[in-house]
Amino acid sequence: MLNAVWLETFVTLCDLGHFTRAASALNMTQPGVSQHVKKLEQQVGQPLLSRDGKSFIPTPAGEAVLTIGRRRQIEERQLGDALQNDEPDTGEVSVACSGSLALLLYPLFLDLMSAAPALVIRLEAMPRARVLEGVADGTIDLGIVDHAPRHARLEGDRIGHEELCLIVPKTSAKPKTMADLETLGFIAHPDGYAYADELLAANFSKDYPGADRLRQRSFINQIGQIPEPVARGLGYTILPRSAIDAYPGRDRLSIAPLPRPARHELWLIQRKARILPARTRKVHAMIAQTLGSP
């Protein structure tokens, strides 16, 4: 690593072309400038200046060092500008969560981006394990998961909870028994089996046969389309409330009341000890407000 102070002195000297002017610009003595150049030459192991009386020109090694020095000055100015201009409406923010939450959040992100043309929000729906991995390795700024993070590089805030809902067609009678549900038939989806084991087992414990034995009416893996067959009266399904709220045909669905509700916590996570830029803090606040407990 080149000494930053000596390098700054060398660049200033080459830019001004005179030891006295360089000393004045740097608030140093002329021998001090000469000493910095000598020390930098010792560090590089080659002469950096070809002297002819009081004038000088950089050697090939000096030209290479000068290029590095000027590049560092540019980078430091850019860094200073970035630190001074941490704008909440400029830059990129990446967010990862479940598919149902993505359906709920993305329209709100579009509103933010419409109001701030220089703000870019990247939203990706992915399984919980990938959310944790992405936030831990720094490829994702913010993640939403259903448990407190236990990873050593992660921290988070509990921002609320999300209810699992038994969804039936609006035109159907409210199911009172497992037999009523079997008559309708299950609209299955990738998370539906685990949801069924959690919600139906708690509320129909005597008659619930297990997710693998439910009478399956259909299967679909597109989160935004899962409520559609239910809205058309083809069966029932189980989804987080966010997926229902984001569905355009919400008025054709009914959430069946159950004595034992199932709720999942919502944790908004980030890389531990990371100081978030203003744009990420803005998105963080919007997510927390949207998903926060009433």
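The values are calculated or read from the model by the stated rules, or taken from the named source; none is laboratory data. If you're wondering where the values come from, they're calculated on a predicted model, not measured in any experiment. Counting neighbours? That spans all protein chains shown, and the Cβs are built from the backbone with ideal geometry, glycine included.
The table for this structure:
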| item | result |
| --- | --- |
| Any chance R70 is assigned to a helix (DSSP H, G or I), over 30 Å from the mean Cα position of the chain (by Cα), surrounded by fewer than 18 Cβ atoms within 10 Å (Cβ to Cβ) and of a type outside the set (S, T, Y) | yes |
| So I287, is it surrounded by fewer than 16 Cβ atoms within 10 Å (Cβ to Cβ) and among the aliphatic types (A, V, I, L, M) | no |
| Pick from the stretch 18-62, criterion β-branched (V, I, T) and touching a strand residue (DSSP E or B) at 6+ places or on another chain (Cβ under 9 Å), ranking: surrounded by the most Cβ atoms within 10 Å (Cβ to Cβ) | V37 |
| Filter result (polar (S, T, N, Q) and free of Cβ contacts under 8 Å to residues at least 40 places away in the same chain) within the stretch 46-83 | Q46, S50, S55, T59, T67, Q78 |
| Conditions (1) assigned by TED's automatic domain parsing to the domain that holds G17; (2) in contact with a strand residue (DSSP E or B) (Cβ under 6 Å, 6 or more places away or on another chain): number failed by A96 | (1) |
| Output for the stretch 98-131, where each listed residue is buried (at least 16 other Cβ atoms within 10 Å of the Cβ) and closer than 13 Å to L266 by Cβ | S98, S100, L101, L104, L105, V131 |
| Selection within the stretch 1-17 - farther than 13 Å from V37 by Cβ and outside any helix (DSSP H, G or I) | M1, G17 |
| Test result for V95, surrounded by 12 or more Cβ atoms within 10 Å (Cβ to Cβ) and either assigned to a strand (DSSP E or B) or on the phi > 0 side of the Ramachandran plot (or both) | yes |
| Any hit, the stretch 240-247, residues being without any contact (Cβ under 8 Å) to a residue 60 or more places away in the chain, among the aliphatic types (A, V, I, L, M) and more than 22 Å from G134 (Cβ to Cβ) | no |
| Subset of the stretch 20-55 that is part of a strand (DSSP E or B) and modelled with pLDDT of 90 or more - its residue that is nearest to F10 (Cα to Cα) | L49 |
| Odd one out for A173 among (1) loosely packed, with under 14 Cβ neighbours inside 10 Å; (2) in contact (Cβ under 8 Å) with a residue 24 or more places away in the chain; (3) in the same structural domain as D212 (by TED's automatic domain parsing) | (2) |
| Any hit, the stretch 132-140, residues being surrounded by 14 or more Cβ atoms within 10 Å (Cβ to Cβ), in contact (Cβ under 8 Å) with a residue 24 or more places away in the chain, among the acidic types (D, E) and under 19 Å from W267 (Cβ atoms) | no |
| Those residues of the stretch 114-143 which are modelled with pLDDT under 95, touching a Ser or Thr at 6+ places or on another chain (Cβ under 7 Å) and closer than 9 Å to A96 by Cα, in sequence order | A125 |
| Conditions (1) under 30 Å from L200 (Cβ atoms); (2) surrounded by 14 or more Cβ atoms within 10 Å (Cβ to Cβ); (3) more than 12 Å from the chain's Cα centre (by Cα): number failed by A148 | (2) |
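Residues are listed down the side, and each one gets a yes or a no for (1) farther than 30 Å from L276 by Cα; (2) β-branched (V, I, T); (3) in contact with a Pro (Cβ under 6 Å, 6 or more places away or on another chain):
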position: V37; (1), (2), (3): yes, yes, no
position: D52; (1), (2), (3): yes, no, no
position: A61; (1), (2), (3): yes, no, no
position: G91; (1), (2), (3): no, no, no
